[in-house]
1. For the chain, with the dipole built from +1 on Lys and Arg beta-carbon atoms and -1 on Asp and Glu ones, taken about the Cα centre, which of 48, 82, 134 lies farthest toward the positive end?
2. Could you run the Karplus curve 6.51 cos²θ - 1.76 cosθ + 1.60 with θ = phi - 60° over the stretch 126-135 and give me ³J(HN,Hα) per residue in whole Hz, x for Gly and Pro?
3. Rank 247, 21, 73 by how far each Cα sits towards the positive end of the charge dipole of the chain (+1 on Lys, Arg Cβ; -1 on Asp, Glu Cβ) and give me just the farthest.
4. What's the carbon and sulfur percent of the chain's accessible surface, probe 1.4 angstrom, rounded to a whole number?
5. Can you work out D for the chain in µm² s⁻¹ from Stokes-Einstein, where Rh is the Kirkwood radius over C-alpha pairs, the temperature is 4 °C and the viscosity is 1.567 mPa s?
6. Give me the three principal axis extents of the stretch 159-251 from the C-alpha atoms, as integers in angstrom, largest value leading.
7. Using only the Cα atoms, work out Rg/Rh for the stretch 250-299, with Rh taken as the Kirkwood radius, to two decimals.
8. Calculate the length of the line joining the C-alpha centroid of the stretch 11-38 to that of the stretch 245-266, in whole Å.
Amino acid sequence: VTLPEMKKYRYSPILATGCIAAGGTLGVLIPPSLSFVLYGLLTQQSIGDLFLAGIFPGIMMALLMMAVIYIQCRRNPELGPPGPKTGFKEKMVSLKGIWGILALFALVMGGIYFGIFTPTEGAGIGAFGAFLFTIATRRFNRKDFFEALTGTTNATSMALMILIGGILFGSFMTVSKLPMSLADFAISMEVHRIFILVFVLFIYLILGCLMSAIAMLLLTVPIFYPVLVQLGFDPIWLGVVLTLMWNVGNITPPVGITVFVIKGVAPDVPLYTIFRGVIPFFIAMIVCIIILIAVPDIATFLPDLMRS
């Protein structure tokens, strides 16, 4: 959808493909997020807390990416030539098609935040709200309804099978006592806990080049989670940082999975061009992680406020 529009206004392929590849990683921070759901189920943490914890880091990450685009276009206006100007009224009118999405988001997240319903109940309310929205806008038909049911069944079955495998792997790790041994070893090391966290994040950076975020989550959380929690890191904050790090790996060469997806929809753009476009956004994501490590309250503020 977005790439043809940017080509229409003569955006450079470097900027156009780079911002799409990097911007695609924002979805894991802004709820609802499958990564947060799986992390919460694997670690027995509140999914509602994780959803709330991802909001401010997601907004911060979006602002950092906007800053990257602004700086690049200021230095080299040919990367993103200015488009036609529009007035405030035109901009507001253009948003009329998304009011339903915003209303559903406010309903679900507001209900979870104020404790009116649980994340599971919120999901049901959101689905029913979307159902009512399609009826109200006269877009409902039998074919789309059954396609939605089939797609939901397939996705849910896949997620549950993945989760079963992850829980089994975690149980085997518990029996082997490997995570506990690693935690004891990490505590006995005479280094600051931040160095251990950075080492774990570096491992995720390497793994992200080779496998998907969900595969990394299921294989590594049972090992690293007990170690990092034993070192005193907040489990909810940790979920946000790890989720962000998993997606940094997805845009990192040589095997950035998201980059290859962009290559699939933009076959005329060389792969090295997309990787070049991703580099400034990669730096922005690393800066975001550093800020989250330095100021954990950015992620924990909303969950703490909800509990109080």
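1. 82
2. With coefficients 6.51, -1.76 and 1.60, one gets x, 5, 5, x, 5, 4, 5, 5, 5, 5 Hz.
3. 73
4. Roughly 72 percent, rounded to a whole number.
5. For the chosen part, D equals 61 µm²/s.
6. 38, 33, 23
7. My calculation of the ratio gives 1.14.
8. Using only Cα atoms to place each centre, the spacing works out to 10 Å.
The values are calculated or read from the model by the stated rules, or taken from the named source; none is laboratory data. Here the structure is a predicted model, which is why all the values come from computation and not from measurement. Backbone-built Cβ (ideal geometry, glycine too); neighbour counts: all protein chains shown. Side chains are part of the model used for accessible areas, which takes the heavy atoms of the whole protein and leaves out ligands, DNA and RNA. Shrake-Rupley method; radii C 1.70, N 1.55, O 1.52, S 1.80 Å.
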